[in-house]
């Protein structure tokens with residue numbers, strides 16, 4: 001995803017591996033905000049979440065991290081790519097994430113990417129082996145970029161009142 | 001949820017755009033027995049520099 005995004009002109013991308021964030025587990029929400037993560041969310045116009053599915057759901061760690069911010073997300077675009085070992089490519093985890101995105105103020109695009117049978121879909125270096133995915137990824141990213149630009153214009157120039 | 005107090009950008013001083021409201025429940029701030037009616041938080045973005053800010057409805061205090 002990062003490689004494909006890097007091909008888009010005028011787009012700056014930052015990869016955040018949430019496994020490297022050390023948020024405490026004794027509390028939750030904005031009380032445990034990580035300043036660097038919050039600054040990245042504030043600066044971003046759009047989010048692309050790559051979410052592995054575990055037992056038909058998204059990971060608890062992802063929810064814990066997402067909950068640590070709020071105002072940084074509001075009226076920004078989000079796209080979700082699901083990953084699973086099975087034939088549905090994280091679709092069930094994506095469905096469960098949608099109401100969470102809404103409550104955080106994020107605006108979902110209506111394309112997903114589902115990386116099915118992930119253990120066979122990528123090589124040892126993480127390269128995508130099925131070239132048919134690239135067209136879908138391109139459409140997915142283009143919509144995310146369009147939505148991100150549109151919402152940025154709205155946040156900065158279109159008033160509620 | 002409009003109000004007459006314009007939000008000034010804490011970064012560059014420009015007048016910010018009010019783009020969202022959200023009902024917030026701050027349970028930790030409510031005394032025992034208080035109703036949980038919540039408060040409205042207002043969210044702003046600066047058209048000049050892109051900075052974000054928020055405040056509670058009607059408040060003159062900026063929370064960035």
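The values are calculated or read from the model by the stated rules, or taken from the named source; none is laboratory data. Just so you know, these numbers come straight off a predicted model, no measurement behind them. As a convention, Cβ positions derive from the backbone with ideal geometry for all residues, glycine included, and neighbour counts pool all protein chains shown.
Can you tell me how many residues within the stretch A:84-100 are free of Cβ contacts under 8 Å to residues at least 40 places away in the same chain and surrounded by 20 or more Cβ atoms within 10 Å (Cβ to Cβ)? So the answer is 3. One residue stands out among those in the stretch B:5-29 that are assigned to a loop (DSSP other than H, G, I, E, B) and surrounded by fewer than 14 Cβ atoms within 10 Å (Cβ to Cβ): the one that is modelled with the lowest pLDDT, which is B:26. Going through (1) free of Cβ contacts under 8 Å to residues at least 60 places away in the same chain; (2) crowded, with 16+ Cβ neighbours inside 10 Å one by one, residue A:1 falls short only on (1). Of the residues in the stretch A:103-113, at least one is within 14 Å of chain B (Cβ to nearest Cβ), free of Cβ contacts under 8 Å to residues at least 40 places away in the same chain and in a helix (DSSP H, G or I). Can residue A:79 be described as more than 14 Å from chain B (Cβ to nearest Cβ) and crowded, with 18+ Cβ neighbours inside 10 Å? So residue A:79 passes the test. For the stretch A:5-34, the set of residues classified as in a loop (DSSP other than H, G, I, E, B) and closer than 30 Å to residue A:134 by Cα consists of A:7, A:8, A:9, A:10, A:11, A:12, A:13, A:14, A:15, A:16, A:17, A:21, listed by residue number. Restricting attention to the stretch A:122-161, the residues being within 14 Å of another protein chain (Cβ to nearest Cβ) and assigned to a helix (DSSP H, G or I) number 10.
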